[in-house]
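Engineer: Below is a structure I'd like to ask you about.
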Amino acid sequence: MTRKTRPVIGARLSGLVEGMDSLSQPAATTLPLTRLQPGQFQPRSYFDPASLDELTRSVKEQGVLQPLLVRPLGGGNFEIVAGERRWRAAQQAGLSEVPVLIRTLGDTEARMAAAVENLQRENLNVIEEVRARLQVAAATLDVPETEAVARMFALDRHPESEPELMARLDTAFGALGGETWRSFIRNRAAVLNLSDDVQDAVRAGLDYRKALIIGRVKQAEDRAELIAQAQAGATVQQLRDAVSPKGVTGGHWKSLARRLGDPKTLGRLDVRKRERAEKLLRQLEALLTDSD
């Protein structure tokens with residue numbers, strides 16, 4: 001099987017961190033696996049065994065095609081900034097050394113590099129992707145990751161306060177692609193606040209929008225039931241109804257009455273849906289008449 005090589009990480013980082021263009025150069029050396037250790041800024045917390053086994057088989061056939069990015073630790077040892085998965089596969093494949101790019105990087109550059117490298121991967125789950133994007137934001141803002149979302153919300157509320165910082169965020173998320181930083185904080189960033197059971201379900205494939213709804217439930221057994229429903233095919237609206245039953249307050253009825261009072265509401269429906277809606281309204285009218 002021919003494995004397609006990915007762009008060297010410097011091609012993405014050069015637009016995010018000043019002076020990172022040199023990372024596009026090919027590896028000039030190799031290092032023993034024993035002199036490398038995992039990086040402290042690795043966003044990926046779980047390495048799928050089956051996926052790692054597949055990469056190991058490829059490494060046995062073709063070697064490590066993408067060099068690891070490392071930085072010196074002292075004493076002849078190096079920290080893996082980007083490429084821990086390849087390092088693990090090389091270990092499983094029985095290799096003794098791997099190609100590397102050695103760069104002296106500060107923590108900001110290392111955090112950015114680790115995040116971008118992971119975001120290039122096709123098999124990244126939502127939790128890992130959100131954590132990686134948060135890492136990019138924290139490095140851009142020069143704040144701890146625990147403070148990054150609150151900092152971005154503050155900038156969003158007062159865009160005139162620090163226009164240069166907002167421009168850097170725009171540039172960073174623009175280079176990553178997929179979503180703006182404003183969309184990120186309003187939508188997916190909240191998955192990192194979910195309970196462990198819901199985060200595990202997201203890692204297993206649960207849609208993050210469904211996860212955010214289930215995450216509102218306090219009791220673990222109730223969350224487990226909702227997760228099972230979601231995995232069985234329950235829609236976002238069905239889960240929302242289960243978490244916040246519409247019949248509890250009159251707010252839903254008032255909202256529905258306002259919509260039905262708007263002539264455009266039924267007009268936007270196709271013929272089949274409009275006929276069904278009109279039938280339901282007649283049934284509702286009959287129920288209300290019978291109760292008088």
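Engineer: What are the residues in segment 257-292 that are open to solvent by 70 Å² or more (accessible area, probe 1.4 Å) and not in a helix (DSSP H, G or I), if any?
Structural biologist: R268, D270, D292
Engineer: Another question, if that's okay. Could you check, for segment 153-173, whether at least one of its residues is modelled with pLDDT of 90 or more and closer than 30 Å to I227 by Cα?
Structural biologist: yes
Engineer: For segment 183-202, which positions are open to solvent by 20 Å² or more (accessible area, probe 1.4 Å) and assigned to a helix (DSSP H, G or I)?
Structural biologist: S183, R186, R188, A190, L192, N193, D196, D197, D200
Engineer: Quick one: would you say L134 is touching a residue at least 40 places away in the same chain (Cβ under 8 Å) and aliphatic (A, V, I, L, M)? Before the answer, list the steps.
Structural biologist: On the way: touching a residue at least 40 places away in the same chain (Cβ under 8 Å): yes; aliphatic (A, V, I, L, M): yes.
Yes.
Engineer: Something else now. Is it fair to say L212 is farther than 21 Å from E117 by Cα and surrounded by 15 or more Cβ atoms within 10 Å (Cβ to Cβ)? Full working, then the answer.
Structural biologist: Numbers: farther than 21 Å from E117 by Cα: yes; surrounded by 15 or more Cβ atoms within 10 Å (Cβ to Cβ): yes.
Answer is yes for this residue.
Engineer: I'd like to verify a number: residues in segment 110-144 that are open to solvent by 30 Å² or more (accessible area, probe 1.4 Å), out of contact with any Asp or Glu (no Cβ under 9 Å at 6 or more places or on another chain) and assigned to a helix (DSSP H, G or I), how many?
Structural biologist: Number of matching residues: 1.
Engineer: Within segment 142-171, can you find the residues that are hydrophobic (A, V, I, L, M, F, W, C) and more than 24 Å from Q199 (Cβ to Cβ)? Working first, answer last.
Structural biologist: From segment 142-171, those hydrophobic (A, V, I, L, M, F, W, C) are 143, 148-150, 152-155, 165-167, 169; that's our starting set.
A154, L155, L165, M166, A167, L169 - these are the residues of segment 142-171 that are hydrophobic (A, V, I, L, M, F, W, C) and more than 24 Å from Q199 (Cβ to Cβ).
Engineer: Look at Q135 and say whether it is polar (S, T, N, Q) and under 22 Å from D107 (Cβ atoms).
Structural biologist: Yes.
The values are calculated or read from the model by the stated rules, or taken from the named source; none is laboratory data. As the structure is a computational prediction, the values presented were derived from the model and not from experiment. Glycine gets a Cβ as well: all are built from the backbone with ideal geometry, and neighbour counts include every protein chain shown. With ligands, DNA and RNA removed, areas are computed over all heavy atoms of the protein, side chains included. Shrake-Rupley method; radii C 1.70, N 1.55, O 1.52, S 1.80 Å.
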